[in-house]
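Peer 1: Below is the structure I would like to discuss, written out as structure tokens.
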Amino acid sequence: MEVSEIIMLVLCGIFLIPSLASATRFDQWWIRAFDFPRIQISILISTVIIISIIVFDFSETIHFIAIALIILSLIYQLHKIFPYTWFAKKEVMKFEDGDPSDNISILVSNVLTPNTQYHKLLEIVHRRQPDILLTLESDKKWEEALKEIEEEYKYTVKVPMDNLYGMHLYSKLKLEETEVRYLVKDDIPSIHGFVRLDDNTKVRIHCMHPRPPSPSEADTSTNRDAELLMLGRDVREQDDSVLVFGDLNDVAWSRTTRLFQQMSGLLDPRIGRGFFNTFHAGYRFFRWPLDHVFHSNDFTLIEIAREKPMGSDHFPMYINLNFERPAEEEQEKPEPDEEEKEWAQEKIDDAEPRENGV
């Protein structure tokens with residue numbers, strides 16, 4: 001066997017690892033990291049397949065086995081990201097006609113605490129005029145920089161922190177019953193409450209930014225997973241009109257995020273419309289969707305867009321939704337099976353969540 005064939009066999013083996021690792025339920029950070037770059041992994045696997053076909057002379061059985069296994073690995077990766085392509089069926093209906101008076105627009109921006117290009121975010125806010133702005137990783141300096149919008153955004157919840165987990169919520173619409181909760185860790189806040197669309201309609205909101213699994217943040221994904229799954233469980237029990245938005249530090253196609261959707265019954269407007277990769281803004285090839293807006297099935301989509309960079313490692317995410325009660329009849333809620341419910345409860349128990357999140 002020639003050296004080039006041996007090299008390609010080794011590469012085929014290496015590129016089986018991401019699929020094998022991410023198919024497991026282990027939550028070590030280096031395993032869960034394979035959930036993120038599925039687009040990039042798919043491109044690299046495709047390249048390995050093409051080169052292998054050129055290099056192998058297929059005189060050995062191992063050549064066929066290697067090609068078959070690496071193709072299965074590619075199919076696995078593509079299966080995960082396919083729902084977020086234009087070829088998949090849209091999960092959320094497009095708002096077509098009628099009165100868009102019950103619309104609500106949201107801008108989510110992980111600002112990156114050391115970033116001082118405040119004017120770039122303000123430019124986007126002035127141009128888009130969202131009803132709600134959520135900033136993440138915002139500290140006292142960002143709070144001061146955004147004071148100029150408070151005349152228009154009269155309702156606020158401010159949680160400035162220097163640990164990269166501060167958050168600020170600004171709203172033109174009236175906020176009610178807002179509270180800051182610490183669901184799993186006492187230094188990781190989340191904001192919860194209601195936003196009132198009109199005298200008769202209010203929507204429950206949850207603003208999230210859990211800690212990611214990484215060597216510098218957390219050895220495992222347990223706390224992140226538990227925070228999302230606890231919220232998903234509670235959302236279904238509340239049975240309100242709901243919006244969940246923020247930097248979830250998890251990709252749209254991961255097992256945890258998909259289970260969060262099933263547990264909560266919330267919809268993802270990106271399904272059937274595109275990836276909307278928001279991180280990393282500085283590296284074109286290394287990007288995936290970390291910033292999310294999920295909603296109950298009584299909303300339809302007016303617009304969704306990734307905004308231009310504003311100095312952070314995240315792109316801001318903009319969405320405009322219309323509240324339509326009749327849409328509930330046409331948009332089916334995701335549902336978890338019993339095995340998934342049991343796995344979700346195990347993850348929550350492992351994290352030892354704080355009582356009442358306070």
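The values are calculated or read from the model by the stated rules, or taken from the named source; none is laboratory data. Note that this is a predicted model, so its numbers are computed, not measured. Note that each Cβ is placed from the backbone with ideal geometry, even for glycine, and that neighbours are counted across all protein chains shown. These accessible areas exclude ligands, DNA and RNA; they are computed on the full protein's heavy atoms, side chains included. Shrake-Rupley method; radii C 1.70, N 1.55, O 1.52, S 1.80 Å.
Peer 1: Out of all the residues in the stretch 114-140, which are surrounded by 17 or more Cβ atoms within 10 Å (Cβ to Cβ) and farther than 18 Å from Leu248 by Cβ? Give the steps one after another, and end with the answer.
Peer 2: Taking the stretch 114-140 as the starting set, the residues that turn out to be surrounded by 17 or more Cβ atoms within 10 Å (Cβ to Cβ) are 115, 118, 120-121, 124-125, 128, 130-139.
If the condition is that a residue be surrounded by 17 or more Cβ atoms within 10 Å (Cβ to Cβ) and farther than 18 Å from Leu248 by Cβ, then Asn115, Tyr118, Lys120, Leu121, Ile124, Val125, Arg128, Pro130, Asp131, Asp139 are the ones that fit.
Peer 1: So, in the stretch 207-230, how many residues would count as being open to solvent by 10 Å² or more (accessible area, probe 1.4 Å) and either among the acidic types (Asp, Glu) or at pLDDT 90 or above (or both)?
Peer 2: So the count comes out to 4.
Peer 1: Inside the stretch 306-321, can you point out the residues that are open to solvent by 20 Å² or more (accessible area, probe 1.4 Å) and among the small types (Gly, Ala, Ser)?
Peer 2: The answer is Gly311, and nothing else.
Peer 1: Also, I was wondering about something else. Among the residues of the stretch 147-162, are any open to solvent by 10 Å² or more (accessible area, probe 1.4 Å), in contact with a Cys (Cβ under 9 Å, 6 or more places away or on another chain) and either closer than 19 Å to Ser264 by Cα or not in a loop (DSSP other than H, G, I, E, B) (or both)?
Peer 2: Yes: one or more hits.
Peer 1: Between Lys80, Lys90, which is open to solvent by 30 Å² or more (accessible area, probe 1.4 Å), in a loop (DSSP other than H, G, I, E, B) and in contact with a Lys or Arg (Cβ under 7 Å, 6 or more places away or on another chain)? Outline the logic, then answer.
Peer 2: Numbers: Lys80 fails: in a loop (DSSP other than H, G, I, E, B).
Result: Lys90 is the single residue among Lys80, Lys90 that is open to solvent by 30 Å² or more (accessible area, probe 1.4 Å), in a loop (DSSP other than H, G, I, E, B) and in contact with a Lys or Arg (Cβ under 7 Å, 6 or more places away or on another chain).
Peer 1: Output yes when any residue across the stretch 242-253 is open to solvent by 40 Å² or more (accessible area, probe 1.4 Å) and assigned to a strand (DSSP E or B), and no when none is. Steps first, answer last, please.
Peer 2: At the first step, the residues of the stretch 242-253 found to be open to solvent by 40 Å² or more (accessible area, probe 1.4 Å) are none.
The answer is no, given that none of the residues of the stretch 242-253 is open to solvent by 40 Å² or more (accessible area, probe 1.4 Å) and assigned to a strand (DSSP E or B).
Peer 1: Out of (1) modelled with pLDDT under 95; (2) open to solvent by less than 80 Å² (accessible area, probe 1.4 Å); (3) outside any helix (DSSP H, G or I); (4) closer than 22 Å to Asp268 by Cα, the odd one out for Gly98 is which?
Peer 2: (4)
Peer 1: Please count how many residues of the stretch 170-191 are assigned to a strand (DSSP E or B) and open to solvent by 10 Å² or more (accessible area, probe 1.4 Å).
Peer 2: To start, the set of residues in the stretch 170-191 that are assigned to a strand (DSSP E or B) comprises 170-171, 175-181, 190-191.
The next check asks that each one be open to solvent by 10 Å² or more (accessible area, probe 1.4 Å); those that pass are 175-181.
Of the residues in that region, 7 qualify.
Peer 1: I want to confirm something. Restricting to the stretch 101-113 and keeping residues that are over 19 Å from the mean Cα position of the chain (by Cα) and open to solvent by less than 60 Å² (accessible area, probe 1.4 Å), which single residue is nearest to Met161 (Cα to Cα)? Break it down into steps so the answer makes sense when it comes.
Peer 2: Step one: filter the stretch 101-113 for residues over 19 Å from the mean Cα position of the chain (by Cα), giving 101-104, 113.
Cutting the leftovers down to open to solvent by less than 60 Å² (accessible area, probe 1.4 Å) gives us 102-104, 113.
Values: Asp102: 34, Asn103: 31, Ile104: 28, Thr113: 9 Å.
Applying the filter and picking the extreme gives Thr113.
Peer 1: Same structure again: How many of the residues making up the stretch 275-295 are over 16 Å from the mean Cα position of the chain (by Cα) and either surrounded by 23 or more Cβ atoms within 10 Å (Cβ to Cβ) or among the aromatic types (Phe, Trp, Tyr) (or both)? Working first, answer last.
Peer 2: Our first condition is that a residue be over 16 Å from the mean Cα position of the chain (by Cα); within the stretch 275-295, this holds for 282-285.
Right, trim to either surrounded by 23 or more Cβ atoms within 10 Å (Cβ to Cβ) or among the aromatic types (Phe, Trp, Tyr) (or both) and you get 283, 285.
Total meeting the criteria: 2.
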